[in-house]
Amino acid sequence: MMKKFLYALLIFPMLANAQVDFYKQLADSAITLTYDEVIYDPSYFSIDYPNGDVPKGKGVCTDVVIRAYRKMGIDLQKEVHEDMKAHFELYPKNWGLKTTDKNIDHRRVPNLMTYFSRKGQEKIQSQNAEDYKPGDVVCWNLGGAITHIGILSNQYSRDGQRPLVIHNIGRGQVIEDVLFEYKIIGHYRYL
C-alpha cells in the first residue's frame, strides 16, 4: 500500500507537468500559424479524410484551432467526425443536416463546443483573466447566431493582465488582445 502511495506521489506531478507542457506547446503551435498568410474564406471545401485541411492560405476561426491541434498530432476532423457518427443526436442541428459531413462538421464552432464539452474539460466562463490559461480554447458569441473560437497564447496583453488570443476573425490568423471583447460562451481545455 505504501509503495502505491509513493508511486502516486511521484507520477501525479509528472503527469501534471506533462499536461502543462502540452498546453504551452499548443499555444506555441497556434502562434506559429500567425506567420502564415491566410485569407478568411468560409467556403465549403471537399477535403481528404482523415487529416484533411482546406487549401493553404484559406481558413476561418475553427481552422486555427484545427491546425494548432494537428501540429500536436491530434486530428480534430477525425475525432469530431467519429464522435458525431456515434452520437449525432447530441450535436447541434443548426444546418439542417440529417447525417455527418467529414468536410465541414469539425469546422463549425457549435460542433467543436459540443465535442470539447464531451471529451475535454469545460472551464469557468468569467470576466476574470486569471481563470484563463495558455492553450485554453475560448468561444464567443459575436451577436445573433454568429459564433467564434480561438486559442489562448502564452503571450499577454501590454498591461500583463490577459492572455492574447490566436484566432481568425476576418483578418487572417492573428494574435490579439480580444479575450473580453465579445460575450464568452465556451471555455475548454482539451487533452
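The values are calculated or read from the model by the stated rules, or taken from the named source; none is laboratory data. What you see is a predicted model; the values in this text were computed from it and never measured. Cβ coordinates were reconstructed from backbone atoms using ideal geometry, including for glycine residues, and neighbour counts include every protein chain displayed.
What the table shows:
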| quantity | calculated |
| --- | --- |
| Residue within the range 100-111 that is surrounded by 13 or more Cβ atoms within 10 Å (Cβ to Cβ) and touching a strand residue (DSSP E or B) at 6+ places or on another chain (Cβ under 7 Å) present | yes |
| Conditions (1) surrounded by fewer than 20 Cβ atoms within 10 Å (Cβ to Cβ); (2) not in a loop (DSSP other than H, G, I, E, B); number of the one not met by Val165 | (1) |
| Matching entry among Ile39, Ile31 (being β-branched (Val, Ile, Thr), under 19 Å from His167 (Cβ atoms) and more than 18 Å from the chain's Cα centre (by Cα)) | Ile39 |
| Filtered residues of the range 28-57 (kept if within 16 Å of Lys71 (Cβ to Cβ), hydroxyl-bearing (Ser, Thr, Tyr) and loosely packed, with under 13 Cβ neighbours inside 10 Å) | Tyr35 |
| Inter-residue pairs, beta-carbon under 9 Å, first over 21 Å from Phe22 (Cβ atoms) and at pLDDT 95 or above and in the range 73-96, second aromatic (Phe, Trp, Tyr) and outside any helix (DSSP H, G or I), 6+ apart | His81/Tyr49; Met84/Tyr91 |
| Which numbered condition Glu181 fails, given (1) of a type outside the set (A, V, I, L, M, F, W, C); (2) in a strand (DSSP E or B); (3) over 11 Å from the mean Cα position of the chain (by Cα) | (2) |
| Single unsatisfied condition, Gly59 versus (1) at negative phi; (2) in contact (Cβ under 8 Å) with a residue 60 or more places away in the chain; (3) touching a helix residue (DSSP H, G or I) at 6+ places or on another chain (Cβ under 8 Å) | (1) |
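Per-residue answers, yes or no, for (1) basic (Lys, Arg); (2) more than 23 Å from Gly57 (Cα to Cα); (3) modelled with pLDDT of 95 or more:
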site: Asn141; (1), (2), (3): no, yes, yes
site: Gly144; (1), (2), (3): no, yes, no
site: His148; (1), (2), (3): no, no, yes
site: Leu152; (1), (2), (3): no, no, yes
site: Asp159; (1), (2), (3): no, yes, yes
site: Gly170; (1), (2), (3): no, no, yes
site: Phe180; (1), (2), (3): no, yes, yes
site: Ile184; (1), (2), (3): no, yes, yes
